[in-house]
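**Student:** Here it is, the structure, as structure tokens.
Any read-out appearing in this document is the output of simple, stated calculations on the displayed coordinates, not a laboratory observation. This one's a predicted model, so the numbers in the text were calculated from it and none came from an experiment. All Cβ positions, glycine included, derive from the backbone under ideal geometry; neighbour counts span all protein chains shown.
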Amino acid sequence: MRAGFLPRFEPRGQPSLALSIASPVIALLLTALLAAVLFVALGKDPWRGLSVFFIEPLSGWRPASEVLLKATPLVLCALGLSLCYRSNIWNVGAEGQFLLGAIAAGGMALWLGGPQGALGGLAAGDGPLAALAGRPLQLPLVLLAGVAGGAAWAAITALLRDRCNANEILVSLMLVYVAQQLLSYLVFGPWKDPKGFNFPQTPTFDPSTWLPPLMAGTRLHWGFVLALIAVPLFWFALFRSWRGFQLDVSGQAPAAARYAGFSARRALWTALLVSGGMAGLAGAMEVAGPLRQLTPHVSTGYGFTAIIVAFVGRLHPVGILLAGILLSMMLIGGEYAQSRLGLPGALTGVFQGSMLFMLLACDTLVRSRVRWPWARRLAP
Amino acid sequence: MPRLQLEGITRHYPGVKANDGIDLTVAAGEIHAVLGENGAGKSTLMKIIHGSVRPDAGTVRWNGEAVQLASPAMAQALGISMVYQHFSLFETLSVAENVWLGLPRGESLASVARRIEAMGASYDLAVDPRRPLHALSVGERQRVEIIRALLGAPKLLILDEPTSVLAPQAIEGLFATLRRLASEGCSILYVSHKLDEIRALCDRCTVLRGGRVTGEVVPARETPGSLSRLMIGTEPPPLTRIAVQPGPVALSVHALSLPDETVHGTALDQVSLALRTGEILGIAGVSGNGQQALLACLSGERVIGPGGDRAAVRLFGNPVGGLGPRERRALGLHFVPEERLGRGAVPALGLDRNTLLTRTEGIGRVGQLKPRAMHALAARLIERFDVRAGGPGSAASSLSGGNLQKFIVGREIDAEPKVLVVAQPTWGVDVGAAAVIRAELLALRARGAAVLVVSEDLDELFLLCDRLQVIARGRLSPARPISETSPAQVGEWMSGLWPGAGNEGAAVATADGTR
């Protein structure tokens, strides 16, 4: 309470729009600066290091397609999360919902394509239902299963918060670890490929359930197009729909939502089901697209990175698209840094963390001015 | 030598000059009023004197010596204490513990309790130091705040709108205490916008408008009209009431009882009222006596569950106790809550989007929003109710309290409700805006609507209402026509003492700070 040595923060009043858009850009520059310092400390050429992270991932179609490939799940998860965070519901378990989406989609793909699957024979082309159960329906069924899986996982969080008033941050986070264990159990146990040399993995899915590639010779698939379509849809839902307005109000001013008669329970369920469904869809597309089988390493932390994407993107769909591509570049840059510069893989995590930290710092400084305790003594 | 002297105090906030070259002098033992409407810069000035805000320019002299007030602790050390309008006390602690927390370390709790009792006895501020705070009425809490300030033996005591939470009798008690303090040499800065109080209590008065001093006067020699001119530049226009024949009962509550939602709130106990069309019914009472619960039950924010008596609340004869706010609004009942920012309006959203809280003009057939329709509605409200705002897109938080209140009241009145329930229509609102709001409420009544006004401001209730009821400790008094009652009687009733069933027992544990 005394003057002390800590600075005080005073609100600046209305923060300027330009600055609040500039703040992620400044955060990015500061992160790059920090990265350069780190490279020097590690005995590497800082220009080379920075170019590995920010230029090489975009040099040519092949690396760029990988950036977009990894951006796809990030953008899908982050879009759903932005809905939650705008409703003041702190779902941090997109990773778990992603995994459940992958599990459900994988299960569906195995069931549809497997020899003992109910539709297995039909899909192969013998039987009266072949046309119906053929390729045009298989992929949608796989993706829908993923949406349902992710939404169901998020529904556990919604139910516990609704019925028992449990904290959604803890519940959704803990369910991530449950989901990981469930996935491991399945690929080490009942779903393990009998012909897989005892590796923890399922058989490769039937090609009819694959997500077709967007460009020949790359792994980029149609999921990226879906993510691009989702961006304007979410923009409309957030800013131009009555339902989205209700969510926004219940997040910003719960008393105003009660006064208006907007149901807080409905906001909770809507936000969690939609974000769970989006994460589940991302999981489904990851297994139906590049992976084509389930392994214990389906996700490389997309659900967690998506939290950073959502905030760096200012919880705005267009911002999330850009932030998703940026964070994806950092993921790929991290891989390059390992293979080409011999740097530790943890570097990506360091950069992601410092990016979020810098952004929060920039936001604080945009909203408030700092009063240093010694400034008074310097003043006349 | 004056005890406190301010010279040319200036303080900017982004976009506003809250204080602009303010001079103020307070002598020892003087009760000095600072008068001004909301937004005139009173609060900023008091924060500067109390050390929680530093001025951009100007000098503060304490007993003739220039001082830099860097923190409230520093002001406290000089002998400056402040009693805030909104108390900073802990509900779960006892009176003595609350006071003890604010004192320098080293004194035992028992000795603090003894000093509280002694202070209470000598200044007529009796309060039991062992009682938990949540069992105290608002008036008693204020005494705790004042005792806490007095234990530091202040040379200057600042009180910010101290009577806004008190019943008339309690105000008299407070004034006696303050006069006593002043006679012992303690200077008092009394911040208020209530002209009568200032004329009754204060030796001198500094009037602020728009961050500048517009006059320094001896209030006893002024009239309410002349003070009002200094404060707002004009006198408010008189209200016109036309005679309206009340119609059938529009909104009724019958024997409604409610359990406590929180441990510390006051529930409702057998509350009944009947509001007719073409009349304004007032509910008087000191805040915290069940108004919140009653209003939530009327607006639908608190729905009576399937186990309760849903027919206890009726709208035009139909039971509505189980309906939410939107369903009741569709039946013609609109509500203006007490809190503007965060409840009546979403602070960060524009006025256009804030129309969507209670209006449907901006919602399309398939659930899409219609920006142009929202914009047009907000523009119409701004025009019709003289809301000073940047435009329909301005954030609600950028408006002053009075202008936002005009917008919210306007939004509900513009919907032409059959029943309007209003909480504290002009609380914290400047005189000009208050006049606009009151005139609109009377006009709505003249158009045949039923209006229920819940207010702490007795003057306002006597200006507006046809009939009055009083709420105290969750119970509602019988209704009295305005012509058959008086502020004195209503003030008495505010402590729960009205003639009628079962009140004799309640008389001991009454509502608030009457002695």
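**Student:** Multiply the residue separation of A:ARG371 and A:ASN167 by 0.36 nm, subtract the distance between their alpha-carbon atoms, and state the gained length in nm to one decimal. Intermediate values should be presented prior to the final figure.
**Tutor:** On the way: separation 204, 0.36 × 204 = 73.44 nm, distance 3.54 nm.
Additional length available on full extension: 69.9 nm.
**Student:** So, one more: Need one number: nm distance between label points at A:VAL40 and B:ALA176, each 7 Å from Cα along Cα→Cβ, rounded to one decimal.
**Tutor:** In this crude spin-label approximation the distance works out to 7.6 nm.
**Student:** Now for a separate question. Considering only DSSP beta bridges where both residues belong to chain B, give the percentage that are antiparallel (nearest 5).
**Tutor:** On the way: 38 of 75 bridges.
Restricted to chain B, the bridges split so that about 50 percent are antiparallel.
**Student:** What three numbers, in Å, describe the spread of the alpha carbons of the range A:133-208 along their principal axes, ordered from the longest?
**Tutor:** 46, 33, 14
**Student:** What does the charge dipole of the protein assembly as shown about its Cα centre add up to, to the nearest 20 debye, if the Cβ of each Lys and Arg holds +1 and the Cβ of each Asp and Glu holds -1?
**Tutor:** Working: 81 positive and 66 negative charges, 294 e Å.
Approximately 1420 debye in magnitude.
**Student:** Mind jotting down the distance between the C-alpha centroids of the range A:255-289 and the range B:94-150, whole Å?
**Tutor:** Spelled out, the Cα-based centre of one part sits 50 Å from the other.
**Student:** Another question, if that's okay. Pairs of alpha-carbon atoms within less than 8 angstrom and 6+ residues apart define the contacts here; what relative contact order does the range B:4-232 have, in percent?
**Tutor:** Details: 429 pairs, mean separation 66.2, N = 229.
The value is 29 percent.
**Student:** After finding the eigenvalues of the alpha carbon gyration tensor for chain A, what semi-axes result from the square roots of 5 times each, listed largest first in whole Å?
**Tutor:** Numbers: eigenvalues 313, 152, 66 Å².
The three semi-axes for chain A are 40, 28, 18 Å.
**Student:** Exposure proxy check: B:THR44, B:THR240 ranked by fewest other beta carbons within 10 Å?
**Tutor:** On the way: B:THR44 22, B:THR240 9.
Fewest to most other Cβ atoms nearby, the residues stand as B:THR240, B:THR44.
**Student:** Would you tell me the mean number of C-beta atoms belonging to other protein chains that fall within 10 Å of each C-beta in A:258-268, as a whole number? Walk me through the numbers before you get to the answer.
**Tutor:** Working: counts 9, 16, 13, 13, 4, 2, 0, 0, 0, 0, 0.
Average neighbour count from other chains, rounded to a whole number: 5.
**Student:** Rounded to the nearest 20 Debye, what is the dipole magnitude of the range A:217-286 about its Cα centre when Lys and Arg each give +1 and Asp and Glu each give -1 at the C-beta? If you can, show how the numbers build up before the last one.
**Tutor:** Details: 6 positive and 2 negative charges, 42 e Å.
Here the range A:217-286 has a charge dipole of around 200 debye.
**Student:** Please say if the range B:4-232 is rounded, prolate or oblate, where rounded means a/c under 1.5 for a ≥ b ≥ c the square roots of the C-alpha gyration tensor eigenvalues, and otherwise the choice is prolate for a/b larger than b/c and oblate otherwise? Walk me through the numbers before you get to the answer.
**Tutor:** Working: a/c = 1.87, a/b = 1.43, b/c = 1.31.
Prolate.
**Student:** Further question on the same structure: What's the Cα-based Rg to Rh of the range A:219-351, Rh via Kirkwood? Don't skip to the end; give the middle numbers.
**Tutor:** Details: Rg = 17.8 Å, Rh = 17.0 Å.
So for the range A:219-351, dividing Rg by the Kirkwood Rh gives 1.05.
**Student:** Show me the chymotrypsin sites (Phe, Trp or Tyr not before Pro) within the range B:362-467 that DSSP assigns to loop and that have at most 12 other Cβ atoms within 10 Å of their Cβ. Mind showing how you got there, number by number?
**Tutor:** Values: sites: B:PHE385, B:PHE407, B:TRP427, B:PHE462; in loops: B:PHE385, B:TRP427.
When the chymotrypsin sites (Phe, Trp or Tyr not before Pro) of the range B:362-467 are filtered for loop state and at most 12 Cβ neighbours within 10 Å, nothing remains.
**Student:** Using only the alpha carbons of the range B:214-315, determine the length spanned along each of the three principal axes and report them from longest to shortest in whole angstroms.
**Tutor:** Extents along the principal axes, in whole Å: 61, 41, 20.
**Student:** For chain B, what is the calculated [θ] at 222 nm in deg cm²/dmol (nearest 500), taking -39500 (n - 2.57) for each run of four or more DSSP H residues and dividing by its residue count? Don't skip to the end; give the middle numbers.
**Tutor:** On the way: 16 runs with 159 residues, N = 515.
So the helix-based figure for chain B works out to -9000 deg cm²/dmol.
**Student:** Check the straight Cα-Cα distances from B:LYS194 and name the lysines below 26 Å, setting aside those fewer than 8 residues away within the same chain.
**Tutor:** The qualifying lysines are B:LYS17, B:LYS42, B:LYS47, B:LYS155, B:LYS406.
**Student:** Per-residue mean of other chain beta-carbon atoms within 10 angstrom of the beta-carbon, peptide B:351-357? Kindly include the intermediate steps, with their values, before the conclusion.
**Tutor:** On the way: counts 0, 0, 4, 3, 0, 5, 10.
Mean shielding count: 3.
**Student:** Are there trypsin sites (Lys or Arg not before Pro) in the range B:117-151 that DSSP puts in a loop and that have at most 14 other Cβ atoms within 10 Å, and which ones? Let's see the in-between values first.
**Tutor:** Numbers: sites: B:ARG130, B:ARG141, B:ARG143, B:ARG148; in loops: B:ARG130.
Listed in order of number, the matching sites are B:ARG130.
**Student:** Nearest 10 degrees is fine. How inclined is helix A:94-113 to the longest principal axis of chain A, computing both from alpha carbons?
**Tutor:** Between helix and principal axis, roughly 10 degrees.
**Student:** From the convex hull of the Cα coordinates of chain B, what is the mean projected area in square nanometres? Mind showing how you got there, number by number?
**Tutor:** Values: hull surface 100.9 nm².
Result: 25.2 nm².
**Student:** Another question, if that's okay. Could you tell me, in Å, what Rg and Dmax come out for the Cα atoms of the protein assembly as shown?
**Tutor:** 33.0, 107
**Student:** In degrees from 0 to 90, rounded to the nearest 10, what is the angle of the helix B:109-123 Cα long axis to the longest principal axis of chain B?
**Tutor:** 80
**Student:** Which of A:ALA145, A:ALA257, A:ALA18 moves the most in a Gaussian network model of chain A with Cα springs under 10 Å?
**Tutor:** A:ALA18
**Student:** Can you list the chymotrypsin sites (Phe, Trp or Tyr not before Pro) in the range A:164-265 that are in a DSSP coil and have 12 or fewer other beta carbons within 10 angstrom?
**Tutor:** Numbers: sites: A:TYR177, A:TYR185, A:PHE188, A:TRP191, A:PHE197, A:PHE205, A:TRP210, A:TRP222, A:PHE224, A:PHE234, A:TRP235, A:PHE236, A:PHE239, A:TRP242, A:PHE245, A:TYR259, A:PHE262; in loops: A:TRP191, A:PHE197, A:PHE205, A:TRP210, A:TRP222, A:PHE262.
Of the chymotrypsin sites (Phe, Trp or Tyr not before Pro), the ones in loops of the range A:164-265 whose Cβ has at most 12 other Cβ atoms within 10 Å are A:PHE197.
**Student:** Quote the charge dipole size of the range B:4-232 about the Cα centre in Debye, to the nearest 20; the model charges only the Cβ of Lys and Arg (+1) and of Asp and Glu (-1).
**Tutor:** On the way: 24 positive and 24 negative charges, 41 e Å.
Around 200 debye, computed over the range B:4-232.
**Student:** Round to the nearest 10 and give me the degree value, 0 to 90, for the angle of helix B:431-446's Cα axis relative to the longest principal axis of chain B.
**Tutor:** Roughly 20 degrees between the two axes.
**Student:** Evaluate peptide A:248-255: per residue, the Cβ atoms of other protein chains within 10 Å of its Cβ; return the mean as an integer. Mind showing how you got there, number by number?
**Tutor:** Values: counts 4, 6, 0, 1, 5, 12, 2, 8.
Per-residue shielding by partner chains comes out at 5.
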